[in-house]
Amino acid sequence: MKAKKTEIHVRYVRETHPVRIVADAAVSTCGRHGGRLLPLLLLDTTDRPDIADFIRVHESSGPGDVEVTWGKVEAKGHEGAVALFLTFIRPMEFFMELEFNIVRQGILVEQALTGQGIYLAQAEGDGDRLSKNVDRPKVLVEVPDTGFRDKWDDLYHKHLAQDFRSKGLGRSESRQAARSVIEELRKLGSLRMRDIHD
């Protein structure tokens with residue numbers, strides 16, 4: 001699914017709320033997206049039949065187009081979160097917001113930015129895991145560099161350091177621990193699955 005940066009276009013009330021992420025995984029496929037490790041999100045489509053239809057239709061329609069924007073969530077009760085705003089153009093037109101807690105789900109944002117992509121799939125209920133059905137339909141969405149990386153780097157380090165401080169580490173130790181965690185995640189994110197003939 002080709003992507004570009006855009007403005008946000010909400011058309012329906014159902015599109016004004018973030019889509020709930022039931023579970024996540026990391027996947028890498030030879031010959032797809034350079035073999036990069038990408039996050040896969042299992043989405044609750046209970047109130048979003050359009051997303052369920054899109055995932056089903058995409059299986060037979062082939063590549064489509066999507067416009068991508070990252071942003072920090074400023075709404076009350078959503079402090080410490082960033083969002084990925086996706087405006088799909090074809091094969092269907094609709095909008096979705098995916099929200100990520102910076103501390104708990106920062107690895108997903110990091111992987112999406114590093115791998116420049118994300119997989120979306122429909123959850124089969126609460127408690128679902130990819131391992132319960134690894135062959136379920138999924139959509140690969142390109143997430144190109146939109147200029148968010150620098151802001152993300154600052155946000156991620158700041159929030160991780162604050163989290164370490166809240167757990168009892170000193171100021172400098174918290175900053176160092178945050179840097180170490182991010183470095184390790186980036187090493188993991190740089191891994192690629194290679195074809196056995198490479």
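FYI, it's all coordinate maths here, none of it is from the lab. A quick note: this is a predicted structure, and the numbers were derived from the prediction, not measured. Positions of Cβ are generated from backbone atoms using ideal geometry, with glycine treated the same way; all protein chains shown enter the neighbour counts.
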Discussion item. Suppose the chain between Arg179 and Ala25 were pulled fully straight at 0.36 nm per residue; how much longer would it get relative to their current alpha carbon spacing?
Written reply: 53.1 nm
Practice prompt. With a/c under 1.5 counting as rounded, go ahead and sort region 134-179 into rounded, prolate or oblate using the C-alpha gyration tensor (a ≥ b ≥ c being the square roots of the eigenvalues; past the cut-off, prolate if a/b is larger than b/c, else oblate).
Written response: oblate
Response to the item:
Per-residue Cβ contact counts at 10 Å, fewest first, order Ser174, Ser166 as Ser166, Ser174
Worksheet item: What do you get for Rg/Rh over region 76-138 if you use C-alpha atoms and the Kirkwood form of Rh?
Response: 0.99
Discussion item. Report the gain in length on full extension from Asp53 to Asn133: 0.36 nm times residue separation, minus Cα-Cα distance, nm rounded to one decimal.
Written reply: 27.0 nm
Worksheet item: Rounded to the nearest 5, what is the percent of antiparallel bridges among the DSSP beta bridges in region 2-146?
Response: 75
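Using a/c under 1.5 as the rounded threshold, could you call region 2-146 rounded, prolate or oblate? The axes a ≥ b ≥ c are square roots of the C-alpha gyration tensor eigenvalues, and prolate needs a/b larger than b/c, oblate otherwise.
rounded
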